[in-house]
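The values are calculated or read from the model by the stated rules, or taken from the named source; none is laboratory data. None of the values given here were measured: they were computed from a predicted structure. All Cβ positions, even for glycine, are placed from backbone atoms using ideal geometry, and neighbour counts span all protein chains on display.
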Amino acid sequence: MSADATRKKIVALIAAETKLSPTEVVVMLEKPKQEAHGDLAFPCFRLAKTMRKAPPVIAAELKEKLFAPPLPEGLAKVEPVAGYLNFTLATDTVITDLLRQVLEQGGSYGSMTEGKGRKVVLEYSSVNIAKPFGIGHLRSTIIGAALNRVYRKLGYETISINHLGDWGTQFGKLIAAYRLWGSEYEFADNAIYDLYDLYVRFHEAAKSDPALEEKGREEFRKLESGDTENERLWRRFHDYSMRDFNRIYEQLGVRFDYLTGESFYQERMTPVIEKLDKQHLLTVSEGAAIVDLTEYDMPPCLLKKSDDATLYATRDLTALLYRKDTFNFDKILYVVGSAQKLHFRQFFKVAELMGNEWVAEQAVHVDFGWVKFSGQMMSSRAGTLIFFDDVFAKARETALEIVIQENPGMDNVDWTAEKVTIAALVFTQLKVRRNRDVNFVWEDAFSFRGATGPYLQYTHARLTSLASKYGKPLPDLSADLLLLGDEEKQVTKRLEAYPAKIKQVAESYETSFLAEYLLDLAAAINSYWQRIRIITDDEKATTARMQMAYAVRVVIADGLRLLGIEPLKRM
Ligand code: ARG
């Protein structure tokens, strides 16, 4: 019997006995707060008046009269507890019900309305203009984008922001460098590498020629005061960079609602500084304006240099207040590496001291560890910074080899290899607890059998080809799902945890819970599959197994999409 039918049976029995209408009983039935108390609870408090008995007595009597053994089909246990009559459904019933739910809801299984009317701002990626996209920013990008999808699935309104690093003295230096050597470069397709080269070259030259540093600062001062020529150059660097970043965001399937970088706050900082001053929070120290944070065991937060130049923290403080004003969020998440922990604690504290009590609860630094490449430490063109393009190219080679080897003659090899590459890169980073460093091992990241993104894609592809081998549409849900045997139940049962996992990810900002869940689910179906043939001559058993396999595929596909990985149909 399905859970629904069992519920109806309970309602009918109680209604007949108590003279409540079935509708009234339906409304009164609750989900017990504790799992150990079963699946349904009928509160007897309302009946106390009419029946002139204490609720616990009523509960006990109802059990005696209506639910003495043998219990109606579909029920495992009925128990009076403190004025409630609690019902535990039979495992069969629960599992059949679960399977029905997944099959009916498909990709929206696990969606919730709990975020309805609530708004989360997520800041992620936040790459720096004129520098090639690095691996650290990749981790921010994929964690942030995954959290964004998770919150949306839970019904939250989300706002995604890329807080581009597009302001600061380095742009003055770049302008100076461009004036000196710009004509030697083409600024064609990979203009961003030309910009980076200029920047590195400037640093080298400045070592032996200190006047260059001053030149850089001067160009930045001109930029800050609105010099048209410098603004034009800055705009150009910005556009070259965005062209490159957008290519990468497209590859990763990542989008932003706002591309408001640091420069956006240029005009908005003065009122914030003035307010701090009025509130007597600013101290002048050697000509610079700081907020003293000794009381909170932190070094001072520097907001203005002696030459009046503003800083990274000034822009962050301004941005936080601006976003609260503009979006009135319930929560704001900053997905930024752990190296900046102190910076976030500092400007959060300053914002709080300004009278914004919400900061402590609503502003969160979602920090994460480093990405390392074990074995072969990747050397990049400049030494320390590891570029996304280099990693991607190398990873793509590996993926291509594997895809060709596994699928001789497949037609869209390139497309598939690209999706496998992304799966490997993304999953390696999302499966590790955020605060841990990621250790990227090339051979491991692509294994179709290990704990990898490609393994999950592969499992999904196998389930897809199983469906086409089965060759007909799944029979509708009225078919007898009870044919699931113990083995099938073991696999199916795992689907129940999916909605709770997604919630857990949102609450902890920890994608690894979802990653681990998917690995476990994939392992369960694969191990089942090794032992039991799904499609056999027994039509009924085949149907039940196909329904299980289909439901598992739906959840794997949805989970992969949330993480930013394409569930492949063939690979
Ligand atoms: N662009 C910065 C960097 O690369 C990261 C910005 C992080 N976000 C922020 N609101 N500070 O270091």
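Pairing residues of region 309-320 that are touching a residue at least 12 places away in the same chain (Cβ under 8 Å) with residues that are charged (D, E, K, R) and near the ligand (Cβ under 9 Å from one of its atoms), at Cβ distances under 9 Å and at least 6 apart in sequence or on separate chains, gives Y312/E262; R315/E262; D316/E262; A319/E123; A319/E262. R323 fulfils the conditions (1) part of a helix (DSSP H, G or I); (2) within 11 Å of the ligand (Cβ to nearest atom); (3) touching a Phe, Trp or Tyr at 6+ places or on another chain (Cβ under 6 Å) except for a single criterion, (3). Within the set G216, G226, the sole residue that is closer than 23 Å to D307 by Cα and surrounded by 16 or more Cβ atoms within 10 Å (Cβ to Cβ) turns out to be G216.
For region 163-199, a residue qualifies if it is in contact with a helix residue (DSSP H, G or I) (Cβ under 6 Å, 6 or more places away or on another chain) and of a type in the set (D, E), and exactly one does: D166. Scanning region 99-144 for residues that are within 15 Å of the ligand (Cβ to nearest atom) and either small (G, A, S) or over 19 Å from the mean Cα position of the chain (by Cα) (or both) yields S125, S126, N128, I129, A130, K131, P132, F133, G134, G136, S140, G144.
In region 308-320, what residues are polar (S, T, N, Q) and more than 12 Å from the ligand (Cβ to nearest atom)?
T310
Scanning for something touching a residue at least 24 places away in the same chain (Cβ under 8 Å) and under 29 Å from F256 (Cα atoms), does region 205-222 turn up at least one residue? The answer is yes, given that some residue of region 205-222 is touching a residue at least 24 places away in the same chain (Cβ under 8 Å) and under 29 Å from F256 (Cα atoms).
Would you call V94 of a type in the set (A, V, I, L, M, F, W, C) and either within 16 Å of the ligand (Cβ to nearest atom) or in a strand (DSSP E or B) (or both)? Show your work before the answer.
Details: of a type in the set (A, V, I, L, M, F, W, C): yes; either within 16 Å of the ligand (Cβ to nearest atom) or in a strand (DSSP E or B) (or both): no.
Judged against the criteria, V94 is not a match.
Selection of region 284-307 for residues being away from the ligand (no atom under 16 Å from the Cβ), touching a helix residue (DSSP H, G or I) at 6+ places or on another chain (Cβ under 9 Å) and not hydroxyl-bearing (S, T, Y) yields A289, V291, L293, M298, P299, P300, K304, D307.
Can you tell me which residue within region 65-101, out of those that are hydroxyl-bearing (S, T, Y) and within 18 Å of P32 (Cα to Cα), is modelled with the highest pLDDT? Among those residues, the one meeting the criterion is Y84.
Which residues, taken from region 9-46, are not in a loop (DSSP other than H, G, I, E, B) and not hydrophobic (A, V, I, L, M, F, W, C)?
Selection gives K9, E17, T18, P22, T23, E24, E30, E35, H37, P43.
Might you let me know whether region 504-517 holds any residue that is surrounded by 16 or more Cβ atoms within 10 Å (Cβ to Cβ), under 17 Å from the mean Cα position of the chain (by Cα), under 29 Å from K331 (Cβ atoms) and free of Cβ contacts under 8 Å to residues at least 24 places away in the same chain? Looking through region 504-517, at least one residue is surrounded by 16 or more Cβ atoms within 10 Å (Cβ to Cβ), under 17 Å from the mean Cα position of the chain (by Cα), under 29 Å from K331 (Cβ atoms) and free of Cβ contacts under 8 Å to residues at least 24 places away in the same chain.
From the list Q340, Q266, Q346, exactly one residue is polar (S, T, N, Q), within 30 Å of A424 (Cα to Cα) and either part of a helix (DSSP H, G or I) or within 16 Å of the ligand (Cβ to nearest atom) (or both). Which is it?
Every option except Q340 fails the conditions.
Looking only at region 264-278, filter to residues that are farther than 25 Å from R235 by Cβ and touching a residue at least 40 places away in the same chain (Cβ under 8 Å); which one of those is surrounded by the most Cβ atoms within 10 Å (Cβ to Cβ)?
If we take residues in region 264-278 being farther than 25 Å from R235 by Cβ and touching a residue at least 40 places away in the same chain (Cβ under 8 Å), then V272 is surrounded by the most Cβ atoms within 10 Å (Cβ to Cβ).
Of all residues in region 145-182, those satisfying the criterion of being of a type outside the set (A, V, I, L, M, F, W, C) and within 10 Å of the ligand (Cβ to nearest atom) are N162, H163, G165, D166, G168.
Only one entry of L252, L281, L333, L276 meets the criterion of being within 16 Å of the ligand (Cβ to nearest atom) and of a type in the set (A, V, I, L, M, F, W, C), and that entry is L333. Here A524 clears all of (1) crowded, with 19+ Cβ neighbours inside 10 Å; (2) of a type in the set (A, V, I, L, M, F, W, C); (3) at pLDDT 95 or above; (4) closer than 25 Å to G485 by Cβ except the condition numbered (1). Elements of the type helices (runs of 4 or more DSSP H) sitting completely within region 460-546 and holding at least 2 residues that are among the small types (G, A, S) and out of contact with any strand residue (DSSP E or B) (no Cβ under 8 Å at 6 or more places or on another chain): these cover 498-508, 512-531. The residue list K49, K65 contains one member that is touching a residue at least 40 places away in the same chain (Cβ under 8 Å), farther than 30 Å from V491 by Cα and part of a helix (DSSP H, G or I), which is K65. Screening the candidates D330, D316 for the property of being buried (at least 19 other Cβ atoms within 10 Å of the Cβ) and acidic (D, E) yields one hit, D316. Out of region 527-546, which residues are more than 35 Å from the chain's Cα centre (by Cα) and small (G, A, S)? A541 - this is the single residue of region 527-546 that is more than 35 Å from the chain's Cα centre (by Cα) and small (G, A, S).
Is it true that some residue in region 352-367 is among the small types (G, A, S), within 15 Å of the ligand (Cβ to nearest atom) and not in a helix (DSSP H, G or I)?
Checked region 352-367: at least one residue is among the small types (G, A, S), within 15 Å of the ligand (Cβ to nearest atom) and not in a helix (DSSP H, G or I).
Yes or no, residue by residue, for (1) within 23 Å of K324 (Cβ to Cβ); (2) surrounded by fewer than 24 Cβ atoms within 10 Å (Cβ to Cβ); (3) in contact with an Asp or Glu (Cβ under 9 Å, 6 or more places away or on another chain):
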residue: R100; (1), (2), (3): no, yes, yes
residue: E104; (1), (2), (3): no, yes, no
residue: E114; (1), (2), (3): yes, yes, no
residue: R118; (1), (2), (3): yes, yes, yes
residue: L122; (1), (2), (3): yes, no, no
residue: S125; (1), (2), (3): yes, no, no
residue: R149; (1), (2), (3): no, yes, no
residue: L154; (1), (2), (3): yes, yes, yes
